[in-house]
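Written below as structure tokens is the structure these notes are about.
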Amino acid sequence: MYLTEQAITLFFTLLVTALPWLLFGVIVSSGLLVFLPKQKLANLLPRNRIIGAILGSCLGLIISVTQYGNIPVARRLLLQGVPLSIVFSFLVAAPTINPVVIWLTYKALPDFNNFLFYRVLATGIIAIAVGIIFSFSRDKSIIFDETESLSYTRSTLLKTGTFLVNDPQNDLEKPKNSSLKLFLSNFIRESIELGTWLVFGCAIASIVHTFLPQIQMMQWGQNTISQILIMLLLGFLLSLGSPYNSFVLYPILSNLLPGAWLSFLLFSSVIDLKGFNLLITVFHPKVVLYLILLLFLFTLFFSLIFGYYLA
């Protein structure tokens with residue numbers, strides 16, 4: 001009975017801390033749809049891979065949607081024709097490089113300002129690298145509709161079947177809709193679509209959180225590499241969210257070897273159980289797989305560098 005109550009409490013805690021950020025991201029996505037017609041935003045942004053990746057890694061400072069909210073915004077940017085380097089560097093960097101998370105990390109670890117510096121620095125480098133790598137992907141398919149005598153493009157990196165990607169003549173794209181109606185329609189439908197999967201992710205995370213032997217797992221780490229891997233896995237399973245995962249570190253910092261805390265922050269700030277459900281809903285499974293693999297490798301690399309050379 002106690003475990004059931006604990007799981008229910010954790011479920012609502014995870015949902016309350018994640019849902020506002022997702023809804024904020026949907027608001028931004030709806031705003032981009034209403035105020036920036038297709039290709040208008042893309043035409044204003046640089047096409048150079050490196051410059052685009054750097055710009056995308058800094059967009060979170062302006063669009064502070066943090067974790068979960070970055071996913072609907074990234075999808076909207078892809079649908080608006082924004083270069084891949086910008087979209088994927090934003091997707092990786094936005095959960096960490098934004099005023100909210102920077103401030104909360106500073107408050108959570110007031111005696112460890114170097115931790116904040118390394119968290120932001122490593123995230124920025126990883127985001128730029130991921131953005132550049134994804135920029136080499138072949139995107140955009142031209143699809144012809146013979147019945148309407150028209151052609152349109154869609155991102156091949158996005159998963160089809162959602163109301164945003166499935167139908168080129170979706171009501172949301174028709175000019176007859178007023179701006180307010182267009183905004184509200186997109187907000188409601190996108191919130192229902194992604195909110196459903198967020199609830200599902202919170203339910204899974206709360207069950208895992210309840211039965212996960214956290215203390216025993218931390219004791220398994222006897223060296224830098226094993227502890228980095230364990231903390232990386234814990235960050236994914238606990239699904240605390242990028243604004244709050246730094247608060248968990250403070251009580252256990254003395255028990256962590258150098259580099260382990262960095263792996264916990266870097267990986268889980270982009271992908272955890274809740275975020276995975278959203279990513280697999282929005283992006284093609286192959287894209288999510290590549291993203292997870294790249295983040296894992298880069299996180300492991302930077303955590304080892306910090307653990308052995310910078311700590």
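The values are calculated or read from the model by the stated rules, or taken from the named source; none is laboratory data. All of these numbers come straight from a predicted model, not from anything done at the bench. Every residue, glycine as well, gets a Cβ built from its backbone with ideal geometry; the counts of neighbours run over all protein chains shown.
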query = Can we say F115 is assigned to a helix (DSSP H, G or I) and crowded, with 24+ Cβ neighbours inside 10 Å?
reply = no
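Find the helices (runs of 4 or more DSSP H) located wholly in region 1-71 whose residues include 3 or more that are under 17 Å from the mean Cα position of the chain (by Cα), surrounded by 20 or more Cβ atoms within 10 Å (Cβ to Cβ) and at pLDDT 85 or above, and list them.
Numbers: elements: 2-35, 40-44, 49-58.
Those helices (runs of 4 or more DSSP H) span 2-35, 49-58.
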The one condition T96 fails out of (1) part of a helix (DSSP H, G or I); (2) in contact (Cβ under 8 Å) with a residue 24 or more places away in the chain; (3) closer than 26 Å to I204 by Cα is (1)
Those residues of region 72-93 which are of a type in the set (S, T, N, Q) and part of a loop (DSSP other than H, G, I, E, B) amount to Q80
Exception for S268 within (1) crowded, with 24+ Cβ neighbours inside 10 Å; (2) more than 15 Å from L14 (Cβ to Cβ) falls at (2)
Picking from F247, F301, F236, F306, the residue that is surrounded by 20 or more Cβ atoms within 10 Å (Cβ to Cβ), assigned to a helix (DSSP H, G or I) and over 16 Å from the mean Cα position of the chain (by Cα) would be F306
Sole miss for V130 among (1) assigned to a loop (DSSP other than H, G, I, E, B); (2) within 15 Å of the chain's Cα centre (by Cα) is condition (1)
Flagged in region 198-233 as surrounded by fewer than 20 Cβ atoms within 10 Å (Cβ to Cβ) and farther than 24 Å from S254 by Cβ, in numbering order, are V199, F200, A203, I204, I207, V208, T210, F211
Of the residues in region 122-137, those that are modelled with pLDDT under 95 and out of contact with any helix residue (DSSP H, G or I) (no Cβ under 7 Å at 6 or more places or on another chain) come to F136
On the basis of being at pLDDT 90 or above, surrounded by 24 or more Cβ atoms within 10 Å (Cβ to Cβ) and of a type outside the set (K, R), does L104 make the cut? no
Checked pairs for region 18-45, first closer than 19 Å to L194 by Cα, second in a loop (DSSP other than H, G, I, E, B) and of a type outside the set (S, T, N, Q), C-beta under 8 Å and 6 or more apart or across chains, list as A18/G241; W21/V65; W21/G241; W21/P243; F24/V65; G25/V65; V28/I63; V28/V65
